[in-house]
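The numbers here are math on the coordinates, done by the rules we state, and not lab data. Given the structure is predicted, the values throughout are model-derived calculations rather than measurements. Virtual Cβ from ideal backbone geometry, glycine too; neighbours counted across all protein chains shown.
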Amino acid sequence: MKTALITGTTSGIGKAFAEKFASMGNNIILVSRNEEKLKRQQNDLQSQYHVAVKFIACELTQSNAVDLIFERLNNWQVSVDYLVNNAGFNECGLFTNTDMEQEMKMIDLHIRFVTQITKRILPMMKKNNYGRIVNVGSTGSFIPSPSDAVYSATKAYIMSFSNALYGELKKTDIKITSLCPGATETEFAAKANIQNTLLFKYAVMKPESVVEIAYPKLMKGKRLVVPGIYNKLLVFFSKILPIGVTNSITLTMMK
């Protein structure tokens with residue numbers, strides 16, 4: 001049996017990924033902050049899918065988070081075949097009004113943590129001559145977003161980083177997929193206080209739908225997955241419209 005390590009698993013896309021990988025007969029390592037929620041999720045997955053489920057409760061914005069994760073992996077003598085870098089959050093608003101401490105944590109989580117854990121996991125996958133890594137970006141990976149400047153910049157990093165690694169590993173059976181969903185029905189929007197914006201009034205996808213689209217494509221080693229027709233159109237037009245137009249559209253959608 002193969003093992004999937006998934007971050008940000010107690011809700012939304014991460015939770016849907018955990019259920020999907022478990023339903024396909026994979027052992028699961030859940031990584032998130034809330035230990036009580038992780039315990040409940042562990043019990044639910046084990047009883048429903050009869051796979052081995054372990055969890056690691058830690059704050060991923062801490063500088064030693066990856067060391068803590070690998071200490072557990074070494075103690076368990078577990079090798080990771082699938083890595084889903086899903087954990088994330090948003091600090092939304094005009095850049096002059098947002099909380100800098102929260103933005104630094106966002107950079108730590110979306111950029112530093114993703115880079116570090118990928119750096120540590122890849123040698124394990126190379127040793128096994130197999131691996132799949134999913135880095136969850138956003139439609140914001142393609143579109144600089146006024147009123148969401150730091151978030152969209154971190155997601156642009158994730159896509160650029162993933163694309164570069166995809167090229168480095170092209171001749172191997174280790175594949176890197178950028179998953180770039182748009183508005184998704186999760187706790188993410190409420191925590192970022194954007195659930196009542198125009199963005200979240202139209203074409204909002206369920207996390208389970210995002211994962212059902214993404215899973216077969218990532219297993220095939222697809223470089224990029226943009227789920228949903230609306231999101232595909234958004235990405236397409238972002239490539240052909242002037243930046244001034246996309247800025248105006250983004251500002252309107254975030255109201």
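Just a few scattered comments:
- Rounded to the nearest 20, the size of the Cβ-charge dipole of the chain about its Cα centre is 920 debye, with Lys and Arg at +1 and Asp and Glu at -1.
- Counting only DSSP beta bridges with both residues in region 3-253, the antiparallel share comes to about 0 percent.
- Once you divide the Cα radius of gyration of the chain by 2.2 N^0.38 Å, the number left is 0.98.
- Value of relative contact order over region 3-253, rounded to a whole percent, pairs C-alpha under 8 Å and six or more apart: 19
- Note on residue 130/residue 240: beta-carbon distance plugged into 1/(1 + (r/R0)^6) with R0 of 30 Å gives a FRET efficiency of 0.20.
- Relative contact order of region 120-185: 45 percent, from C-alpha pairs under 8 Å at least 6 residues apart in sequence.
- Degrees, to the nearest 10: 149-168 long Cα axis against longest axis of the chain: 50
- Toward the positive end of the charge dipole of region 3-253, with +1 on the Cβ of Lys and Arg and -1 on the Cβ of Asp and Glu, the farthest Cα among 133, 247, 116 is that of 133.
- Column: log10 I(q)/I(0), Debye, Cα scatterers of region 69-161, q = 0.10 Å⁻¹: -0.32
- With contacts taken as Cα pairs under 8 Å at a separation of at least 6 residues, region 42-190 carries a relative contact order of 24 percent.
- With the alpha-carbon atoms of region 1-118 aligned to their principal axes, the span from lowest to highest coordinate is 50, 26, 22 Å, starting with the largest.
- Straight-line cross-link reach from residue 220 at under 12 Å between alpha-carbon atoms covers these aspartates and glutamates, not counting any fewer than eight positions away in the same chain: 173.
- Packing-based exposure ordering (other Cβ within 10 Å, fewest first) of 239, 126: 239, 126
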